[in-house]
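Values quoted throughout were computed directly from the atomic coordinates according to the rules given, and no laboratory measurement underlies them. The structure presented is a predicted model; accordingly, all values stated were derived computationally and were not measured. Virtual Cβ from ideal backbone geometry, glycine too; neighbours counted across all protein chains shown.
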Amino acid sequence: MRRLKLTTLAFATLFASQLQAETVFVTLEKDNAIAVLDPVEGKLVKTVNVGQRPRGIALSPDHKQLFIATSDDNTIRIFDAASLKELGRLPSGEDPETFALSPDGKLMYVSNEDDSQVTVIDIASKKAVQKIKVGVEPEGIAASPDNRWLVSASETTNMLHWIDTKSRQIVENTLVDPRPRAVNFTADSQQLWATSEMAGTVMVLDTASKQIVQTIKLEVAGISSDLIQPVGVVIDKDRHYAYVAMGPANRVAVINAQTLQVEKYLLVGQRVWNLAFSPDQKQLYTTNGISNDVSIINLTEQKVVKSVAVGRYPWGVAVKP
Amino acid sequence: MKLLHYWLAMTGIVGRELLRFLHQRERFISALVRPLVWLFVFAAGFRAALGIAISPPYETYILYEVYITPGLIGMIQLFNGMQSSLSMVYDREMGSMRMLMVCPLPRWFLLCSKLIAGTAVSVLQAYAFLGIAWLYDIQAPLMGYVWILPALLLSGMMLGALGLLLSSFIKQLENFAGVMNFVIFPLFFMSTALYPLWKIKESSEWLFTLAQYNPFSQAVELIRFALYEQLNLQALLFTAVAFLIFMSAAIVGYNPSRGMMVKKGGGG
């Protein structure tokens, strides 16, 4: 009897998970809201007001809480990911734009662009526990999945600062191509990928040596090089492919993460900045700031299947399973 | 028995046309080169011409090459329609049309067979073009290549009927060049083959109206939607009606007692 119940339960869960599609949240910088998208239908479900100039967005590791940097309110708000009701605010410091969560979801690291520092926030107590001085205009920030490193990229200093998560001290700096924008670790924490907005390059760094292993130059035939301004970068969990949002070049670069060669450029909307995988990593969502839409990319076929209008200035994107 | 007769005649005509097409390798190549030059050279120069608009049947941003591919298929069929009727004028001048006309079957049937033959050739050309475009990374959903077949048949018949109608007006081969210029170019350039309607509307309202009611535009849109597994009902109806009108007029035109043949002092 008990076994039967368990089987029924298992089936019910399986069925429910198939019916319940993932949800895509997109911050709309100009609309002071987030767009909620059903990516299976390719439709905008609703728009919810969240605060002034929302930009950075992330889900807690258990997918229950949604964090949104409302830059002009100088705070990061916590929402219930299901009901989208506000649960509280975090003392992010001024003008928060990008932030990273520790792998256990207990800490948040916020880049404070104007103060050249990184604020460490304890999420449970909603308190800033430390401020770490970094280079000028820190922007991209990432915590390694093995919880050893925090990397902050300074746009003006052109440096990546390697911060030991235990001592919260900078232990090393790596000079990179001008105006580094985004950083992201591979799932095994062995590599760090960083984009340079000015040089139009993607740099792959070895975490152990903290040195650049390879610099990949992005070039699209017929598009002037000053329009190639890579921003967001994501790498799939098997490290087969990396995808880079190329800003006003309106393309996403598909990079073979083994050979480190660009295989393809996919046309998306205008000024594409940020990207997020679907939970099964079969789809990729891009925010296109100027054309006000989100492009949905089928990664199995490496094709853009649809672009969905979401609202003004889509900036960040997070996906809830 | 009678049906068998019809069947024999039709397979004869279609077979002859297909054989002629396959044997004339230069014709096959030149039929492909024209749209390929447009695709590789012209479209490459206008890659970003479409800007940031998404219009059906497309659901996302596309390169200009992708946009003009259905238009170039239309171009293949347009030229083919004109060319096969050009061959009618040639046949008439050379006297081989007499052979066809002495066949004891109604003339409309012979004309229709001729039309089907021409369309079959244009469908082959279109698929060859799509194959090359596929290698050039212009790829539609797989089922789209099945969907497109009925669309190609109808648009091929419509453009072929237009060619037939024109050829009934023409007595000599030399006159045909003029008609080609006065028909093909306006039809092609005042259509949605090269630019979407909204883009045409931006520059000129009357050009927009002309393009909208241009039967060639409708044929191109029918092909475009079919390639993405969608049915454009308006384009379907428009193309079908245009086909019926052109075909009826061509049949009248080729009627020795009533049509243009009388004015030209008898054809065939």
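Between helix B:215-227 and chain B, what is the angle of the helix's C-alpha long axis to the longest principal axis, kept within 0 to 90° and rounded to the nearest 10?
The helix B:215-227 is inclined about 60 degrees to chain B.
Could you work out how far helix B:233-253 tilts from the main Cα principal axis of chain B, as a 0 to 90 degree angle to the nearest 10?
20
Hey, any idea what Rg/Rh is for chain B, computing Rh the Kirkwood way over Cα pairs?
Checking Rg against Rh, the ratio lands at 0.98.
Counting alpha carbon pairs within less than 8 Å and at least 6 residues apart, what relative contact order, in whole percent, applies to chain A?
Relative contact order, chain A: 12 percent.
With each pseudo-label sitting 7 Å past Cα toward Cβ, what's the B:Asn255-B:Met94 distance in nm, one decimal?
3.0
Write down, largest first, the equivalent ellipsoid semi-axes of the range B:62-191 in whole Å, where each equals the square root of 5 times an eigenvalue of the alpha-carbon gyration tensor.
30, 17, 11
Can you tell me the convex hull volume per residue for the range A:174-216, based on C-alpha atoms, in Å³ to the nearest whole number?
Per residue, the Cα convex hull of the range A:174-216 comes to 55 Å³.
Let me have the 222 nm mean residue ellipticity of chain A computed from DSSP H runs of 4+ only, each contributing -39500 (n - 2.57), with the sum over all residues rounded to the nearest 500.
Value at 222 nm, helices only: -2000 deg cm²/dmol.
Using per-residue counts of other Cβ atoms within 10 Å, averaged over each peptide, order A:189-202, B:91-104, A:259-272, A:72-85 from highest down.
A:189-202, A:259-272, A:72-85, B:91-104
Could you give the radius of gyration (one decimal) and Dmax (whole number) of the Cα atoms in chain A, in Å?
19.1, 68
Between the range A:200-226 and the range B:50-114, what is the separation of their alpha carbon centroids in Å?
49
Calculate how steeply helix B:64-94 sits against the longest principal axis of the alpha-carbon atoms of chain B, using the helix alpha-carbon long axis, and give the answer as 0 to 90 degrees to the nearest 10.
Helix B:64-94 and the main axis of chain B meet at about 10 degrees.
Using only alpha carbon pairs under 8 Å that are at least six residues apart, calculate the relative contact order of the range B:2-263 and give it in whole percent.
25
Which length gain, in nm to one decimal place, applies between A:Lys303 and A:Glu86 when the Cα-Cα distance is subtracted from 0.36 nm times their residue separation?
Full extension from A:Lys303 to A:Glu86 adds 74.5 nm.
In the neighborhood of A:Asp31, defined by Cβ-to-Cβ distances under 15 Å, what is the net charge if each Lys or Arg adds +1 and each Asp or Glu adds -1?
+1
Work out the mean other chain Cβ neighbour count within 10 Å for the residues of A:267-280 and drop it here as an integer.
Per residue, the number of nearby Cβ atoms from other chains is 1 on average.
Exceeding 31 Å between C-alpha atoms, which entries from my cross-link table qualify? They are A:Lys217/B:Lys199; A:Lys64/A:Lys210; A:Lys43/A:Lys127; A:Lys126/A:Lys320; A:Lys306/B:Lys199; A:Lys106/A:Lys210.
A:Lys217/B:Lys199; A:Lys64/A:Lys210; A:Lys43/A:Lys127
Show the residues, 5+ positions off or on another chain, whose built amide H is closer than 5 Å to the amide H of A:Gln117.
Long-range HN contacts for A:Gln117: A:Asn112, A:Val134.
At 37 °C and 0.692 mPa s, what whole-number value in µm²/s does Stokes-Einstein give for the translational diffusion of the protein assembly as shown, with Rh from the Kirkwood sum over Cα pairs?
In µm²/s, the coefficient is 119.
Within 10 Å of each Cβ of A:293-301, how many other protein chain Cβ atoms are there on average?
1
Once phi is turned into θ = phi - 60°, what whole-Hz ³J(HN,Hα) does the Karplus curve with 6.51, -1.76 and 1.60 give for every residue of the range B:102-118, x standing for Gly and Pro?
After applying 6.51 cos²θ - 1.76 cosθ + 1.60, I find 7, 4, x, 10, x, 5, 4, 5, 5, 5, 5, 4, 4, 5, 4, 4, x Hz.
Any chance you could run the full-extension gain for A:Ser209 through A:Arg168? It's 0.36 nm times the residue separation minus the Cα-Cα distance, nm to one decimal.
Value of the extension gain: 12.9 nm.
Under the definition of partner shielding as Cβ atoms of other protein chains within 10 Å of a residue Cβ, what is the mean value for peptide A:302-309?
Averaged over the peptide's residues, the number is 3.
Among B:Leu111, B:Leu22, what is the fewest-to-most ranking by other Cβ atoms within 10 Å?
By the 10 Å Cβ count, ascending: B:Leu22, B:Leu111.
Quickly work out the A:Val129-to-B:Met180 label distance, labels modelled 7 Å from Cα along the C-beta direction, and quote it in nm with one decimal.
Reported label-point gap for B:Met180 and A:Val129 is 8.1 nm.
Under the rule of -39500 (n - 2.57) per DSSP H run of 4 or more residues, summed and divided by the residues of chain B, what mean residue ellipticity at 222 nm is obtained, to the nearest 500 deg cm²/dmol?
Calculated at 222 nm, the ellipticity per residue is -23500 deg cm²/dmol.
In nm, give the distance between the simple-model label positions of B:Ala128 and A:Gln190, each being 7 Å from the Cα along the Cα-to-Cβ direction.
5.1
Between A:Thr156, A:Thr287, A:Thr47, where does the largest GNM mean-square fluctuation fall for chain A, given springs only between Cα atoms within less than 10 Å?
Sorting by GNM fluctuation, first place goes to A:Thr156.
Which residues' amide hydrogens lie under 5 Å from the amide hydrogen of A:Ala182, considering only partners 5 or more residues apart or on another chain, with H built in the peptide plane?
The answer is A:Thr195.
If r is the Cβ-Cβ distance from A:Asp280 to A:Asp104 and R0 is 25 Å, what FRET efficiency results, to the nearest 0.05?
0.60
Quick check on the range A:15-109: what are the equivalent-ellipsoid semi-axes from the Cα gyration tensor, as sqrt(5λ), descending, whole Å?
Taking √(5λ) for each Cα gyration eigenvalue gives 23, 17, 10 Å.
Applying the Karplus parametrisation 6.51 cos²θ - 1.76 cosθ + 1.60 with θ = phi - 60° to the phi angles of the range A:118-132, what ³J(HN,Hα) value in whole Hz is obtained for each residue in order, glycine and proline being reported as x?
Each residue of the range A:118-132 in turn: 10, 9, 9, 10, 8, 5, 4, 8, 6, 10, 6, 9, 7, 10, 10 Hz.
Quick check on the exposure proxy: order A:Leu101, A:Leu28 from fewest to most C-beta atoms within 10 angstrom.
Listed from fewest to most nearby Cβ atoms, that is A:Leu101, A:Leu28.
What FRET efficiency, computed as 1/(1 + (r/R0)^6) with R0 = 41 Å and r the Cβ-Cβ distance, is obtained for B:Arg47 and B:Arg20, rounded to the nearest 0.05?
Between B:Arg47 and B:Arg20 the formula returns 0.60.
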